[in-house]
Protein chains: 2
Amino acid sequence: MDPARIVVLAGGVGGAKFVRGLRALVRRTASPAAITVVANTGDDLWLAGLRVTPDLDSLMYALAGVNDDVRGWGRAGESERVSAELAAYGVGWPWFTLGDLDIGTHIARTALLREGLPLSAVVERLSARWPLGVRLLPATDAEVETHVVTAEGELHFEEWWVRTRAALPALGFVQRGVESATAAPGVREAIAAADVVLLAPSNPVVSIGTILGIPGIREALRDTAAPVVGLSPVIGGSVVRGMADACLTAIGVETDAAAIARHYGARSAGGLLDGWLVDETDAAAVDPLRAAGIAARAVPLWMTDDDATAAMADAALRLARR
Amino acid sequence: MDPARIVVLAGGVGGAKFVRGLRALVRRTASPAAITVVANTGDDLWLAGLRVTPDLDSLMYALAGVNDDVRGWGRAGESERVSAELAAYGVGWPWFTLGDLDIGTHIARTALLREGLPLSAVVERLSARWPLGVRLLPATDAEVETHVVTAEGELHFEEWWVRTRAALPALGFVQRGVESATAAPGVREAIAAADVVLLAPSNPVVSIGTILGIPGIREALRDTAAPVVGLSPVIGGSVVRGMADACLTAIGVETDAAAIARHYGARSAGGLLDGWLVDETDAAAVDPLRAAGIAARAVPLWMTDDDATAAMADAALRLARR
């Protein structure tokens with residue numbers, strides 16, 4: 001039986017690529033499946049009075065088909081007239097340029113938040129504009145922002161990532177406000193009712209790790225009857241995109257497919273994973289991981305297009321069925 | 001002696017045209033003069049979470065030389081990509097389109113207001129971008145918004161003006177929040193220290209009238225040693241721009257240059273005006289107004305270009321010197 005209810009924990013750009021591939025797979029199988037995406041909100045920030053949610057937007061734009069595939073982030077056909085005005089007035093972060101179409105999203109989101117809607121309801125309102133084919137949920141409605149501990153003090157994750165290009169060594173990560181946060185409505189319920197839970201090949205520290213840090217989500221993953229299968233964002237000791245290596249180093253995890261699986265831990269040993277996909281390059285990791293209680297398999301993990309990514313998603317679902 | 005300190009009470013588009021002419025006049029006279037513009041803020045509104053200040057922006061853009069002369073409002077070279085996004089998300093007022101460059105101003109303003117700056121400080125910050133040649137002050141830092149009483153209930157002035165094109169009969173005007181408002185820092189002081197106060201040929205009801213409704217401003221005008229001279233926005237019984245006739249009718253004032261002067265009242269009789277300029281078309285009003293204690297004069301009042309407007313300003317200053 002094909003899984004009818006799939007939950008994916010995902011970060012932004014890589015998570016969006018993966019979910020697109022999964023959606024393509026689901027659309028061409030005989031039995032329909034419902035996909036729920038739980039998105040990282042740790043990168044969210046207030047910028048020039050606007051609430052910006054980078055990962056939710058990467059997911060929404062990519063699933064709507066309006067993302068910029070060439071640049072890899074934001075909307076296709078962007079312009080930056082508003083940002084130029086902000087820079088001229090000296091407002092905002094000059095190194096964090098927002099596109100005009102993107103700013104339309106931020107204004108709409110901020111207006112709805114100011115009206116009192118929780119983020120999850122705002123995401124539902126905004127994403128209703130397009131037939132995304134998935135249910136998109138923020139990990140939490142609370143403002144829990146990832147800050148990076150450096151020798152020069154704490155920086156918002158986006159400042160560290162975009163302004164310093166992660167060049168300032170990270171000593172650790174802090175989820176500001178996480179103590180009082182709860183999972184957004186529907187997140188724990190979706191995990192509990194899932195037939196399979198997938199961890200997208202997103203940053204294990206500041207994307208998946210941040211989602212797992214929201215009180216209640218790790219417990220929901222432990223309690224669900226569904227198998228939990230992850231895909232490695234590291235191939236042959238290198239991150240496929242982004243600067244996850246700088247994040248992994250900060251928390252003492254090697255930039256290595258097997259090391260990340262051990263970091264998540266085997267479910268049988270109180271950890272998270274039932275299964276783990278590594279790239280064929282890392283096939284040597286399969287047997288040791290199996291010995292550690294994680295059903296590992298080596299398959300091609302390059303998300304070169306929706307077809308290749310659908311094959312990855314298919315491999316993850318097959319592994320979950322075992 | 002030429003006046004060294006000129007204060008102008010002004011609305012948006014018409015007020016901006018007048019102040020440009022006055023600035024041109026002052027720039028070519030031998031003795032320098034400082035111009036302080038007190039702008040109407042009754043049209044201000046929250047729209048899609050952004051604070052929009054139409055009259056202040058009309059003044060700032062026109063004095064900066066970045067306004068759209070052809071369309072008559074907003075920035076030159078505008079685009080409307082952000083507004084199209086807002087409409088697609090169903091956020092905001094679809095009939096109130098904001099340009100992209102203009103939205104840059106609104107985001108910057110809103111960000112500074114959210115940081116806790118009063119509007120007057122925000123205006124100073126934003127207008128510092130250009131050499132305006134005048135000091136621009138909001139009438140008040142408080143949110144005092146003009147609402148229009150109609151048979152269908154109260155509407156924000158901009159909704160009545162832009163959406164209904166003032167076609168829904170106005171039964172009256174309400175300044176919401178005016179009770180607790182005070183004049184912005186510098187307004188009363190500028191009026192007290194002025195050598196002359198001019199009322200721009202702006203809407204007597206919802207521009208000049210709204211400024212006069214802010215507690216303390218009418219008193220400051222009564223108390224100042226400076227002569228107060230106004231220019232008629234009505235020529236030959238018709239408004240030169242906008243829909244002031246609908247506003248005048250609502251408060252029981254005829255759309256007539258002399259009727260507006262009588263509405264402001266002669267200073268000698270407890271009113272506002274020492275002098276009043278009417279267009280040559282309305283020359284017949286001069287003698288009756290003089291008899292009523294208002295030093296009236298008929299001169300061309302068409303603001304066709306900065307030179308024509310400078311001549312109007314010159315006539316107003318000459319009348320004030322008498």
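Structure remark: mean-square fluctuation, Gaussian network model of chain A, C-alpha springs under 10 Å; the largest value among A:PHE173, A:PHE157, A:PHE96 belongs to A:PHE96. Look at the dipole of the stretch A:1-100 built from charges on Cβ: of A:LEU50, A:VAL8, A:LEU86, the Cα furthest out on the positive end belongs to A:VAL8. Legend: Rg and Dmax of the stretch A:1-62, from Cα coordinates, 13.9, 49 Å.
In this label model, A:THR249 and A:THR182 are separated by 4.0 nm, measuring between points 7 Å along each Cα→Cβ vector.
Between the C-alpha center of the stretch B:216-270 and that of the stretch B:74-140 there is a gap of 29 Å. For the options B:TRP276, B:TRP95, B:TRP73, a Gaussian network treatment of chain B with springs between C-alpha atoms closer than 10 Å singles out B:TRP95 as fluctuating the most.
The charge dipole of chain B, taken about its Cα centre with unit charges on the Cβ of Lys, Arg, Asp and Glu (plus for the first two, minus for the last two), comes to roughly 800 debye. Since only A:TRP130, A:SER31, A:VAL144 are under comparison, the one whose Cα sits farthest along the positive direction of the charge dipole of the stretch A:1-151, derived from C-beta charges on Lys, Arg, Asp and Glu, is A:SER31. Per-atom-type breakdown for chain A gives carbon and sulfur 51% of the accessible area (1.4 Å probe, protein chains only).
Peptide A:75-83 is shielded by partner chain Cβ atoms: per residue, an average of 4 of them sit within 10 Å of its Cβ. Summing charges over neighbours of A:ALA220, with a neighbour being any other residue whose Cβ is under 12 Å away from its Cβ, gives 0 when K and R count +1 and D and E count -1.
If the only charges are +1 at each Lys and Arg Cβ and -1 at each Asp and Glu Cβ, what is the size of the charge dipole of the stretch A:159-235 around the Cα centre, to the nearest 20 debye?
300
Hydrophobic, long helices, defined as DSSP H runs whose alpha-carbon span along the helix axis is 18 Å or greater and whose mean Kyte-Doolittle value is at least -0.5, occur in chain B at B:13-28, B:100-114, B:306-321. Contact order, relative form, for the stretch B:77-160: 17 percent (alpha carbon pairs under 8 Å, 6 or more residues apart, mean separation divided by residue count).
Taking only the Cα atoms of chain A, the radius of gyration and Dmax are 18.8, 60 Å.
If you run the Gaussian network model on chain B, springs between alpha carbon atoms under 10 Å, then out of B:THR281, B:THR105, B:THR29 the most flexible one is B:THR29. Contact order, relative form, for chain B: 20 percent (alpha carbon pairs under 8 Å, 6 or more residues apart, mean separation divided by residue count). In chain A, the calculated helix contribution to ellipticity at 222 nm averages -10500 deg cm²/dmol per residue, counting -39,500 (n - 2.57) for every DSSP H run with n ≥ 4. If only the Cβ of Lys and Arg carry +1 and only the Cβ of Asp and Glu carry -1, the dipole of the stretch A:47-199 around its Cα centre is close to 200 debye.
Remark: mean inter-chain Cβ contacts per residue of B:97-109 equal 6, using a 10 Å Cβ-Cβ cutoff to other protein chain atoms.
Accessible area per residue for chain B is 38 Å², calculated with a 1.4 Å probe on protein heavy atoms, without ligands, DNA or RNA.
Across the stretch A:1-77, the mean sequence separation of Cα contacts (distance under 8 Å, 6 or more residues apart), normalised by length, yields a relative contact order of 31 percent. The calculated Kirkwood hydrodynamic radius for the protein assembly as shown is 27.9 Å, given to one decimal from all distinct C-alpha pairs.
Here, the stretch A:68-183 is characterised by an Rg to Rh ratio of 0.99, where Rg is the alpha-carbon radius of gyration and Rh the Kirkwood radius. Remark: mean inter-chain Cβ contacts per residue of B:267-273 equal 0, using a 10 Å Cβ-Cβ cutoff to other protein chain atoms. For A:ARG165, the distances from its label point to the matching points in the remaining copies are 5.5 nm, ordered from shortest, with each point set 7 Å beyond Cα toward Cβ. For the stretch A:168-289, build the charge dipole from Cβ charges (+1 Lys, Arg; -1 Asp, Glu) around the Cα centre, then report which of A:VAL234, A:VAL205, A:PRO215 sits farthest towards its positive end. Looking along the dipole axis, the top candidate is A:PRO215.
The P(r) of the stretch B:232-296 has a tail past 19 Å containing 27 percent of all C-alpha pairs. Buried accessible surface for the B/A chain pair comes to about 2400 Å², total over both chains, computed with a 1.4 Å probe.
The values are calculated or read from the model by the stated rules, or taken from the named source; none is laboratory data. Everything quoted here is computed from the prediction, not taken from an experiment. Glycine also receives a Cβ, built like all others from the backbone with ideal geometry; neighbour counts cover every protein chain displayed. Side chains included, ligands, DNA and RNA excluded: accessible areas come from the protein's heavy atoms. Shrake-Rupley method; radii C 1.70, N 1.55, O 1.52, S 1.80 Å.
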